[in-house]
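Colleague: Sharing a structure here in structure tokens format.
The values are calculated or read from the model by the stated rules, or taken from the named source; none is laboratory data. All figures in this text were calculated on a predicted structure; none of them were measured in a lab. So basically every Cβ, Gly included, is an ideal-geometry build from the backbone, and we count neighbours across all protein chains shown. Heavy atoms of the whole protein, side chains included, go into the accessibility calculation; ligands, DNA and RNA do not. Shrake-Rupley method; radii C 1.70, N 1.55, O 1.52, S 1.80 Å.
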Amino acid sequence: MPESIIQIKNVNKWFGDFQVLKDINLDVKPKEKIVVCGPSGSGKSTLIRCINRLEEHQKGSIVVDGTELSEDTKNIEAIRAEVGMVFQQFNLFPHLSILDNCTLAPIWVKKMPKQKAEELAMKQLNQVQIGDQAQKFPGQLSGGQQQRCAIARALCMEPKIMLFDEPTSALDPEMIKEVLDAMVNLAKAGMTMIVVTHEMGFAKEVADEVIFMDEGMIVEKAETKDFFANPKSDRTKLFLSQIL
Amino acid sequence: MININFLNPSKNNLRLNLIIGLSLVFLSLFDVFLYSFFDINIVSFLPYFISFSLPLILGMFGLSIIRISYSGIKKLDSLNKNINTNNFNAALTLLIIFSIIKILPPVMSWMIFDANISGDTKDACTGSGACWTYIKIWFKRFMYGMYPNEHIWRVNLAFIFLVVLAFVGFITPQKYKKYLSLYYIIIYPIIAYILIYYLISGGSLGLEWVETGAWGGLSLTFIVSFFSLIFCFPLGMALALGRRTDLPIIKYVSVGFIEFWRGVPLITVLFMSSVMFPMFLPQDFFMDKLVRVIIAISLFEAAYVAEVIRGGLQALPRGQYDASKSLGMGYWKMHIFVILPQALKLVIPGIANTFLALVKDTPLIFVVGLLEIIGMLQMAKTNPKWLGFAMEGYVFSAIVFFIICYAMSKYSYNLELKYKTDR
């Protein structure tokens with residue numbers, strides 16, 4: 001049995017007086033795909049933002065690839081370089097071309113030579129099928145293309161883990177598929193993934209485990225088949241009946 | 001059978017409507033023109049009130065006749081769409097044109113037709129218009145202040161060098177383009193300083209020393225503005241970032257600095273820099289008045305620049321920070337490559353605003369005895385031999401400042417277009 005790549009132990013987090021995460025425990029093994037779902041405000045985005053410390057947790061411990069997240073900035077930057085993240089709003093850099101979006105971090109963070117970084121970027125862009133858009137600016141692309149570029153940008157750092165924070169929620173229905181396809185391909189290539197999404201079709205297709213969160217707690221955590229076939233808690237059943 | 005409905009112009013009688021309408025408009029303009037330029041009133045036989053408002057009535061009637069939508073004539077359509085949409089707009093347009101026609105003759109005759117430029121003394125100015133002789137005689141002073149005449153070539157040479165070196169960016173080969181910002185931010189100011197120190201100030205290399213008190217006129221405006229702009233920008237940027245950090249000491253120092261300099265008037269700052277500041281310095285420490293003034297203006301304007309830049313930083317969505325952090329970028333990389341380029345682009349108009357204000361604030365350095373172009377003007381207008389020409393002087397300096405500021409504003413607009421990559 002392989003060692004866990006992410007270990008989350010008793011993590012608690014408050015925004016002011018409001019507790020967003022309550023005693024979260026989660027282990028993720030390499031190459032495992034986990035889908036996190038739940039109603040809005042349930043803390044699922046906050047949870048994955050804690051994994052690369054875009055949010056700080058106040059209690060408990062998070063260990064990513066053997067390094068514990070702490071105040072140490074050097075540690076955090078090293079972990080962030082290994083953990084890719086894709087956001088709901090794409091968050092591409094609008095002042096840079098698609099290619100420069102992808103090469104910026106490899107060149108300046110990983111000190112990769114420019115030529116090598118560009119080759120890698122083109123490879124990743126071709127993988128998500130927007131290689132022909134490399135010289136354009138983000139504002140000239142459709143939402144689906146932008147999100148695929150964001151995936152390519154994260155992959156250019158050659159991360160060990162990919163986090164997806166509702167990657168398709170801001171997209172038109174017809175663009176969702178192209179983004180999901182890119183994610184499915186990535187999953188098949190063996191990436192460790194944690195995906196916050198409401199796309200249950202995607203969850204059924206790729207996820208090893210599905211986690212259901214509500215009010216800052218993990219209500220249910222089960223293998224994908226079990227999760228959909230016979231959910232245990234009533235809250236999960238209610239959620240599934242509404243979403244499916 | 002021609003049947004024209006004047007109240008409801010339509011496409012059917014397009015040609016006739018156009019001819020009548022346009023001739024009415026031209027007639028109204030012609031009437032104003034004759035009255036304004038030659039003092040002839042062709043309709044003086046009419047009662048005063050009617051003859052007074054006749055051009056407006058004719059013009060509005062003419063414009064209303066040609067107000068035909070989708071006429072198929074491009075110029076007419078654009079005219080109707082832009083200035084002739086309804087009677088109110090038509091009246092405004094006409095009144096503005098009338099005002100211009102009315103104002104033009106007196107201005108032209110004062111500035112050109114009745115003006116004098118010949119001769120060397122006040123007596124040469126015999127006409128009723130402007131006396132440009134005054135500007136001509138004092139021109140060197142307005143440009144170079146009290147800088148000795150026989151050394152003026154040094155100022156010219158220094159400025160020629162500076163202008164030429166400023167254009168280096170346009171001729172550098174692609175290969176060296178990436179060093180350009182380094183050149184403009186660090187090397188160019190150093191060269192500028194060296195040029196000004198050795199060439200204009202002198203005192204070594206066989207050049208006679210000219211004290212800064214003698215510098216003046218437009219060249220001093222340029223020197224003060226140039227160095228203040230160069231220093232205040234990076235300082236303002238640092239302050240803006242400082243005000244937004246989580247490090248308490250840096251944050252409160254920045255806030256204190258910004259609020260202090262924004263709270264005091266520039267004229268006070270300049271006065272203090274020259275009168276109070278030396279008292280705090282050690283006895284044998286000497287800092288030139290001009291240097292003190294440039295430092296004072298830079299610190300003062302940096303506070304404004306900082307707030308403008310902070311506005312840009314706040315306008316950026318949080319996602320930009322998240323994305324750069326998630327890629328492993330630290331504070332400086334994130335700001336240099338992602339945040340500042342976008343924030344600065346957003347605040348180009350605000351920065352241009354601040355810089356224009358800075359250039360136009362430079363005349364205030366008269367309080368410490370430095371006389372740039374306006375200062376020289378004040379001096380020249382009180383010269384007993386040349387009393388009574390303040391107007392010419394102010395018009396002249398207004399034109400000079402307008403040219404400088406308009407060029408700057410054009411340049412900032414070009415920058416905006418150049419960096420417009422999104423949307």
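Colleague: Determine how large the accessible area of A:ARG53 is when every protein chain is in place; take a 1.4 Å probe and give Å² rounded to the nearest 10.
Modeller: 20 Å²
Colleague: Viscosity 1.567 mPa s, temperature 4 °C: Stokes-Einstein D of chain B from its Kirkwood Cα radius, in µm² per second?
Modeller: Estimated diffusion coefficient is 48 µm²/s.
Colleague: Moving to a separate point now. Cα centroids of region B:316-352 and region B:355-380: how far apart, whole angstrom?
Modeller: Taking the Cα centre of region B:355-380 as reference, the centre of region B:316-352 is 37 Å away.
Colleague: Using a simple charge model, +1 on the beta-carbon of Lys and Arg, -1 on the beta-carbon of Asp and Glu, nothing else, what dipole does region B:14-113 show about its Cα centre, in debye to the nearest 20?
Modeller: With only Lys, Arg, Asp and Glu charged at Cβ, the dipole is about 360 debye.
Colleague: Also, I was wondering about something else. So if I restrict to the alpha-carbon atoms in chain A, what is the Rg, and what is Dmax, the biggest pairwise distance, in Å?
Modeller: 17.8, 55
Colleague: Still on this structure: So which trypsin sites (Lys or Arg not before Pro) in region A:111-146 are both in a DSSP loop and have at most 12 other Cβ atoms within 10 Å of their Cβ?
Modeller: A:LYS111
Colleague: I want to verify a result. In a Gaussian network model of chain A, Cα cutoff 10 Å, which of these has the top mean-square fluctuation: A:MET112, A:MET191, A:MET213?
Modeller: Checking each option, the largest mean-square fluctuation is seen for A:MET112.
Colleague: I would also like to ask the following. Out of all DSSP beta bridges with both ends in the protein assembly as shown, state the antiparallel percent to the nearest 5.
Modeller: Counting DSSP beta bridges with both partners in the protein assembly as shown, the antiparallel share is about 50 percent.
Colleague: Give the long-range amide H neighbours of A:TRP14: residues separated by 5 or more places, or on another chain, with amide H under 5 Å away, using H modelled in the peptide plane at 1.01 Å from N.
Modeller: A:VAL20, A:GLN58
Colleague: Around B:LEU239, under 15 Å between beta carbons, what's the net of Lys plus Arg minus Asp minus Glu among the other residues?
Modeller: Values: positive: B:ARG243, B:ARG244, B:LYS251, B:ARG262, B:ARG310; negative: B:GLU259, B:GLU301, B:GLU307.
That works out to +2.
Colleague: What helices does chain B hold that run 30 Å or longer along their axis, going by alpha-carbon atoms, with a Kyte-Doolittle average of -0.5 or more, using DSSP H for the helix calls?
Modeller: B:14-38, B:87-108, B:217-244, B:289-315, B:390-418
Colleague: Under 8 Å for C-alpha pairs, at least 6 residues apart: give me the relative contact order for chain B, rounded to a whole percent.
Modeller: Values: 434 pairs, mean separation 58.0, N = 423.
Once normalised by length, the contact order is 14 percent.
Colleague: Right, next: Among the listed pairs B:LYS177/B:LYS420; A:LYS204/A:LYS232; A:LYS29/A:LYS237, which have their C-alpha atoms separated by more than 24 angstrom in this model?
Modeller: Numbers: B:LYS177/B:LYS420 20 Å; A:LYS204/A:LYS232 17 Å; A:LYS29/A:LYS237 27 Å.
Long pairs (Cα-Cα over 24 Å): A:LYS29/A:LYS237.
Colleague: What are the principal axis extents of the Cα atoms in region A:13-67, in Å, biggest first?
Modeller: Here the Cα extents, ordered largest to smallest, are 35, 26, 19 Å.
Colleague: Hey, can you find the accessible area per residue of chain A for me, probe 1.4 Å, expressed in square angstrom?
Modeller: Accessible surface, normalised per residue, equals 45 Å².
Colleague: Which values, in whole Å and largest first, are the semi-axes of the equivalent ellipsoid of region B:1-101 obtained as the square root of 5 times each eigenvalue of the Cα gyration tensor?
Modeller: Each semi-axis is the square root of five times an eigenvalue, giving 26, 16, 11 Å.
Colleague: Between B:VAL347, B:VAL269, B:VAL164, find the one with the highest GNM mean-square fluctuation for chain B; connect C-alpha pairs within less than 10 Å.
Modeller: Of the options given, B:VAL164 has the highest mean-square fluctuation.
Colleague: On to the next question. Could you report the buried accessible area between A and B, both sides summed, computed with a 1.4 Å probe and given in Å² to the nearest 100?
Modeller: Details: alone 11820 and 25060 Å², together 34890 Å².
The summed interface area works out to 2000 Å².
Colleague: OK, next. Could you work out how far the C-alpha centroid of region B:174-191 sits from that of region A:1-68, in angstrom?
Modeller: A separation of 47 Å, based on Cα centres.
Colleague: Chymotrypsin sites (Phe, Trp or Tyr not before Pro), restricted to region B:110-217: which are DSSP loop and have at most 15 other Cβ atoms within 10 Å?
Modeller: Those that pass, being in a loop and sparsely packed, are B:PHE167, B:TRP209.
Colleague: Report the one residue of B:PHE167, B:LEU16, B:SER254 whose Cα lies farthest in the direction of the positive end of the charge dipole of chain B (charges on C-beta: Lys and Arg +1, Asp and Glu -1; origin at the Cα centre).
Modeller: Going by the charge dipole, the pick is B:LEU16.
Colleague: Ok, one more. Excluding A:PHE239 itself, what net charge comes from residues whose Cβ is under 13 Å from its Cβ, given Lys and Arg +1 and Asp and Glu -1? List each step's numbers first, then the result.
Modeller: Values: positive: A:LYS44, A:LYS232, A:ARG235, A:LYS237; negative: A:ASP214, A:GLU215, A:GLU220, A:ASP234.
My count for the surroundings of A:PHE239 gives 0.
Colleague: Could you grab the relative contact order for region B:14-113? Cα pairs under 8 Å, six or more apart, rounded to a whole percent.
Modeller: Over region B:14-113, the number comes to 33 percent.
Colleague: Given labels modelled 7 Å from the Cα in the Cβ direction, how far is it in nm from B:ILE152 to B:ALA166?
Modeller: Placing both labels 7 Å along Cα→Cβ, they lie 2.1 nm apart.
Colleague: Oh, and also: When the accessible area of the protein assembly as shown is split by element with a 1.4 Å probe, what percent falls to carbon and sulfur?
Modeller: Values: 22030 of 34890 Å².
Roughly 63 percent of what the probe reaches on the protein assembly as shown is carbon or sulfur.
Colleague: Stick to Cα atoms and the Kirkwood definition of Rh, then tell me Rg/Rh for the protein assembly as shown.
Modeller: Details: Rg = 35.4 Å, Rh = 31.7 Å.
In the protein assembly as shown, Rg relative to Rh is 1.12.
Colleague: A follow-up question, please. Taking only protein heavy atoms and a 1.4 Å probe, what accessible area per residue, in Å², does chain B have with all protein chains in place? Write down the numbers at each step before the final one.
Modeller: On the way: 24020 Å² over 423 residues.
Ligands and nucleic acids excluded, the figure is 57 Å² per residue.
Colleague: Which longest uninterrupted range of chain A lacks any GluC sites (Glu not before Pro) assigned by DSSP to a loop state (not H, G, I, E or B) and surrounded by at most 13 other Cβ atoms within 10 Å? Mind showing how you got there, number by number?
Modeller: Working: sites that count: A:GLU3, A:GLU56, A:GLU71.
Longest gap between qualifying sites, sites excluded: A:72-244.
Colleague: For A:LYS111, which aspartates and glutamates qualify as cross-link partners when the Cα separation must be under 19 Å and same-chain residues fewer than eight apart are set aside?
Modeller: Once the sequence-local aspartates and glutamates are set aside, what remains near A:LYS111 is A:GLU77, A:GLU82, A:ASP100, A:GLU119, A:GLU158.
Colleague: Which whole-angstrom value gives the distance between the alpha carbon centres of region A:193-242 and region B:198-248?
Modeller: 64 Å
Colleague: Okay, moving on. Would you mind getting me the FRET efficiency between B:TYR406 and B:LYS122? Use the beta-carbon distance for r and R0 = 22 Å, nearest 0.05. The partial results should precede the final answer.
Modeller: On the way: r = 32 Å, r/R0 = 1.45.
Computed FRET efficiency for B:TYR406 and B:LYS122 comes out at 0.10.
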